[in-house]
Amino acid sequence: MIKKINRPKHLYIHIPFCKNICHYCDFVRFVTNKKTQQKYIKKIILELNELPKNYFKTIYIGGGTPNCLDNILLSLLLKTCKKLLEKKYEFTIECNPEFVDQKQVNIFNTYNINRISIGAQTTNNLILKKYNRKHSFDDVVNAIKILRLNNIDNINLDFIYGFNELKKTDIVNVIKFVKKNKIPHVSFYALELKENSFISKNKIFLSDEKIDDELKLIVSLFKKNNYHRYEVSSWVLNKKYESLHNKAYWETKEWIGIGLGASGFENNELYTNKGDISTWKKEIKHLSEKELYLQIMMMGLRLTKGINLLKSINKKAFLFFKEKLDKKKIKNYKNTLIANNVNTLDEILLELMQD
């Protein structure tokens, strides 16, 4: 009898196309022509067709800007993905708000998209313009309206703090908007100086003190408005809106990565698809025991619920690093390993990484 090999139940697809490049971004992304996009989507579909049908719990399409594809290419991609979903699923696509219209949302509904992640970034239009975002916050408002009119309610908004131009009133305005509109899921990320981004190349400096103060304000305001922080950068109005796909990463479950720039994790191997827009191959890193355990700690401690030590592999990771764990920073409570303050998680992880 041939032994059945179980593949991961989570799938990430990278669409590296944008209409323009944001000044803070260094993801794998290109401004390119329709012919190149067609070739890329055709190759993606060939790879997707090799995967098991009616199988995946979560599919996440990220980028880049996946919804900048024209309606024909978007339909071809989503039609193929739909065949891969099991009965209970989470199917997410990242969107720039200026491209969300009725025709596009019809496609989302036809092919079972049930979660939308919108790159809002800030309510401040001057900051959006300065960092080369092509939408205004009115576009975010309109996108949410169209989605809800078409019964897509599981919406995430991505925001960024740490811009030198950002004021405390801008953060207050974000939280007011989120609360007023009952946005179910919000991600708030600190601005980072990525190596290949415009702001890094132009030697723009950020204030760590300002970033720390803004995070404290964000945490305080979300708590005051009854949003639950379930991960370092993620808040929900109700726990049912927690991202199942992202939790797969944080709980060190395996996932498949398809497309240029996509990463995956299978059989204790982390890989990234590298190459160019027409050809790419997996660059594979086999994790040592220490590297695997460090991965479990790095990802799992991001969750405010912590790491479940009743799971055998998690218990091994805990025991491996037990002597290095500072009890003032991490506690073991009822078979759960929890960071006392997820805001200082980087300090904890640096200690674990030291030989």
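The values are calculated or read from the model by the stated rules, or taken from the named source; none is laboratory data. Keep in mind it's a predicted model, so treat the numbers as computed, not measured. All Cβ positions, glycine included, derive from the backbone under ideal geometry; neighbour counts span all protein chains shown. Accessible surface is based on the protein model in full, side chains and every heavy atom, while ligands, DNA and RNA are left aside. Shrake-Rupley method; radii C 1.70, N 1.55, O 1.52, S 1.80 Å.
Annotations
- Selected residue (only one of Phe30, Phe17 is of a type in the set (A, V, I, L, M, F, W, C), open to solvent by less than 20 Å² (accessible area, probe 1.4 Å), closer than 23 Å to Asn132 by Cα and modelled with pLDDT under 95): Phe17
- The stretch 320-350: number of residues that are in a helix (DSSP H, G or I), open to solvent by 30 Å² or more (accessible area, probe 1.4 Å) and over 16 Å from Gln295 (Cβ atoms): 5
- One residue stands out among those in the stretch 173-190 that are closer than 20 Å to Arg302 by Cα and out of contact with any helix residue (DSSP H, G or I) (no Cβ under 8 Å at 6 or more places or on another chain): the one that is least open to solvent (accessible area, probe 1.4 Å), which is Ser187.
- If you check Lys253, Lys216 for being in contact with a strand residue (DSSP E or B) (Cβ under 9 Å, 6 or more places away or on another chain), modelled with pLDDT of 95 or more and basic (Lys, Arg), only one passes: Lys253.
- Matching residues, the stretch 38-64, being at pLDDT 95 or above and either part of a loop (DSSP other than H, G, I, E, B) or closer than 22 Å to His135 by Cβ (or both): Asn49, Glu50, Leu51, Pro52, Lys53, Asn54, Tyr55, Tyr60, Ile61, Gly62
- Residues satisfying the stated conditions in the stretch 136-166, i.e. in a strand (DSSP E or B) and open to solvent by less than 10 Å² (accessible area, probe 1.4 Å): Ile155, Asn156, Leu157, Phe159
- Filtered by the rule that a residue be surrounded by fewer than 19 Cβ atoms within 10 Å (Cβ to Cβ) and part of a strand (DSSP E or B), the stretch 282-310 gives Lys282, Glu283, Ile284, Lys285, His286, Asn308.
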